[in-house]
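The values are calculated or read from the model by the stated rules, or taken from the named source; none is laboratory data. Owing to the predicted nature of the structure, the values given are computational and were not obtained by experimental measurement. Backbone-built Cβ (ideal geometry, glycine too); neighbour counts: all protein chains shown.
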Amino acid sequence: MKFLLTKARKLFSDIKNAINTAPPRIQLFFIVNLLKLTSYVVDWLASLLNFQPLSTVSSIILILWLGAMLIIALPQTDALLTAIQHWLKPVWRISITILAIVISIETLAIGAIYISGITAHTSQPSTAHTIIDAFTYSDATALTIQAADNLLDGKNPYAYANIITALESSPEAYEKLTPLRTGSFANSFPYPTEEKLKTVWLSTITNPNVIPSEIESKFSYPAGAFLLLVPLKALGINDLRVTLIILLIPTLLYTVMKTPSHKRWYLIFGILLSVELWNTFFASDTRLLYLPFILTSWLLAQKHSWLSAILMGIAIATKQNAWFFLPFYFILIWQTTGRHIALRSIAITLSVFIITNAPFIVADPKLWLSSIMAPMTDKLFPMGNGLISLVTSGLVPLNSSTLFSLLEMLAFVGGIIWYVRYARHYPHTGPLLAVIPIFFAWRSLWGYFYFVDIILLAAILNQEQCHAPKPLI
């Protein structure tokens with residue numbers, strides 16, 4: 001008992017010391033993370049209350065958060081914030097306290113709801129039902145699990161994707177569908193009504209073999225998304241969260257242990273207080289599959305380029321979100337370790353992607369390409385928390401994705417050009433520049449921004465020696 005009390009006192013002392021000695025931009029990181037949480041809550045309220053103008057408020061808060069993250073990525077921010085330490089410190093303490101309370105309350109509330117027996121199929125609408133519904137499989141998760149099952153059955157996952165059977169034909173599953181702007185939904189802008197979605201779904205589940213044109217049913221991710229699930233599925237483990245635990249926990253532990261000892265608590269705080277990280281985990285969201293590989297690849301880029309390139313290859317072979325990181329990743333390597341290592345890293349990364357997807361490319365190249373390009377080529381409805389909220393809220397009457405695609409491309413190219421010039425001096429801006437273009441996309445879902453802050457925090461705490469800051473203009 002005395003040993004345990006001694007350990008507990010030391011643990012408490014270490015935490016208190018970390019809180020008291022946190023660098024200014026680490027303090028700012030947690031302060032502005034309240035912005036991200038606020039944006040997330042406002043967006044949830046917009047959905048719950050079916051009041052889309054709130055999503056525009058969420059978008060404004062989101063862009064403020066992204067801007068603050070860019071400031072935090074700059075090394076000179078610590079010096080600039082020193083002058084306001086007298087108010088920054090108390091605000092940082094209040095911020096981590098609020099985040100800890102939110103995490104605790106949410107965990108207890110969700111646990112209580114599940115224990116009480118409330119399920120996502122509750123017949124009476126309620127806040128509890130809405131919360132639980134958020135933690136049931138999305139269509140993307142259901143299709144990924146189905147793809148793994150199809151592969152184990154000797155079927156081509158891309159050829160046998162069927163969202164109707166993947167969602168088990170539940171009458172309430174229409175809430176999890178991705179509708180397309182075709183058929184009876186062609187004129188349903190900016191989004192089909194719940195009644196229309198339900199009508200199409202109820203008529204569909206009577207004949208699961210016939211998929212209506214109004215519903216996205218393609219498995220639209222690279223092969224790594226289901227290949228990561230196959231080993232455990234083969235052992236009879238069907239809960240996706242087990243796969244996520246196996247991938248995520250060792251990665252986070254390694255990242256914490258790699259971080260210098262006097263900085264570790266800040267990364268632990270960042271992980272434990274990430275509402276989005278744990279919500280995504282409990283919801284079995286497949287967006288979490290690529291985080292371990294992006295995170296470790298970025299941290300290992302300069303010292304272990306071979307392993308880093310392999311991990312980046314797995315990331316891009318798993319989710320298209322990782323593709324946005326590629327140019328910034330290669331620029332970072334080129335600028336900090338040289339052209340030879342950068343070219344080798346490119347070759348390794350692309351080789352991993354090709355090898356992972358090769359069997360399915362060979363089996364049916366047209367099907368594979370149309371499947372993984374579906375998020376870019378299919379007639380999807382606008383959705384998200386970026387600039388598109390101006391359309392979904394009805395403030396801007398625009399029903400074409402062309403302008404948004406152009407803005408997204410301009411932001412992406414502009415970010416690449418800027419990073420080519422400044423990567424040596426501001427290396428940690430790379431992950432943020434990778435996700436900022438998505439703010440301008442036709443579909444800029446919250447999940448596309450979720451984890452960039454953890455990558456940024458880990459990069460700052462593990463930062464290599466970089467060149468002296470360079471003027472930004």
- Message: Against the condition farther than 12 Å from ASP139 by Cβ, surrounded by 15 or more Cβ atoms within 10 Å (Cβ to Cβ) and either touching a residue at least 60 places away in the same chain (Cβ under 8 Å) or aliphatic (A, V, I, L, M) (or both), how does ALA159 come out, does it pass?
- Response: no
- Limited to the stretch 245-274, what total is found for residues that are aliphatic (A, V, I, L, M), within 25 Å of ARG25 (Cβ to Cβ) and part of a helix (DSSP H, G or I)? 8
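Restricting the search to the stretch 310-330, which residues are polar (S, T, N, Q) and part of a helix (DSSP H, G or I)?
Going through the stretch 310-330, the residues polar (S, T, N, Q) turn out to be 318, 320-321.
Result: GLN320, ASN321.
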- Query: Of all residues in the stretch 238-257 being farther than 13 Å from SER284 by Cβ and out of contact with any Leu (no Cβ under 7 Å at 6 or more places or on another chain), which is surrounded by the most Cβ atoms within 10 Å (Cβ to Cβ)?
  - Reply: LEU252
- For residues that are part of a loop (DSSP other than H, G, I, E, B) and either touching a strand residue (DSSP E or B) at 6+ places or on another chain (Cβ under 8 Å) or surrounded by 15 or more Cβ atoms within 10 Å (Cβ to Cβ) (or both), tally how many sit in the stretch 188-214. 11
- Message: Can you tell me which condition ILE215 does not meet? The list is (1) within 24 Å of GLN146 (Cα to Cα); (2) out of contact with any Pro (no Cβ under 7 Å at 6 or more places or on another chain), and all the others hold.
- Response: (2)
- Task: Would you mind stating whether SER389 is without any contact (Cβ under 8 Å) to a residue 60 or more places away in the chain and within 26 Å of the chain's Cα centre (by Cα)?
- Result: no
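Looking only at the stretch 370-400, which residues are of a type in the set (Ser, Thr, Tyr) and farther than 23 Å from LEU66 by Cα?
Quick first cut of the stretch 370-400, residues of a type in the set (Ser, Thr, Tyr) only: 370-371, 377, 389, 392-393, 400.
Hits for the stretch 370-400 are SER370, SER371, THR377, SER400.
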- Item | Answer residue from the stretch 229-238, given it is assigned to a helix (DSSP H, G or I), of a type outside the set (Val, Ile, Thr) and touching a residue at least 12 places away in the same chain (Cβ under 8 Å) and is nearest to THR204 (Cα to Cα) among those | LYS233
- Could you say which residue among LEU307, LEU295 is touching a helix residue (DSSP H, G or I) at 6+ places or on another chain (Cβ under 7 Å), closer than 22 Å to THR259 by Cβ, surrounded by 22 or more Cβ atoms within 10 Å (Cβ to Cβ) and not assigned by TED's automatic domain parsing to the domain that holds ILE145? LEU295
- Item | Pick from the stretch 1-51, criterion among the hydroxyl-bearing types (Ser, Thr, Tyr) and more than 22 Å from THR97 (Cβ to Cβ), ranking: surrounded by the most Cβ atoms within 10 Å (Cβ to Cβ) | SER47
- Query: Just wondering, is there one or more residues in the stretch 447-459 that are over 27 Å from PHE30 (Cα atoms) and touching a helix residue (DSSP H, G or I) at 6+ places or on another chain (Cβ under 6 Å)?
  - Reply: no
- What is the one condition in (1) closer than 26 Å to GLY430 by Cβ; (2) assigned to a helix (DSSP H, G or I) that PHE226 does not satisfy? (1)
- In the stretch 339-383, what residues are closer than 22 Å to LEU228 by Cβ and charged (D, E, K, R)? ASP364
- Residues of the stretch 189-218 that turn out to be under 25 Å from PRO53 (Cβ atoms) and without any contact (Cβ under 8 Å) to a residue 40 or more places away in the chain, as a count: 6
- Among helices (runs of 4 or more DSSP H) lying entirely in the stretch 334-386, which contain 2 or more residues that are charged (D, E, K, R)? 339-363
- Message: Condition check: buried (at least 16 other Cβ atoms within 10 Å of the Cβ) and assigned to a helix (DSSP H, G or I). Does LEU277 satisfy that?
- Response: yes
- Message: Restricting to the stretch 302-327, give me the number of residues that are of a type in the set (S, T, N, Q) and over 20 Å from PHE412 (Cα atoms).
- Response: 4
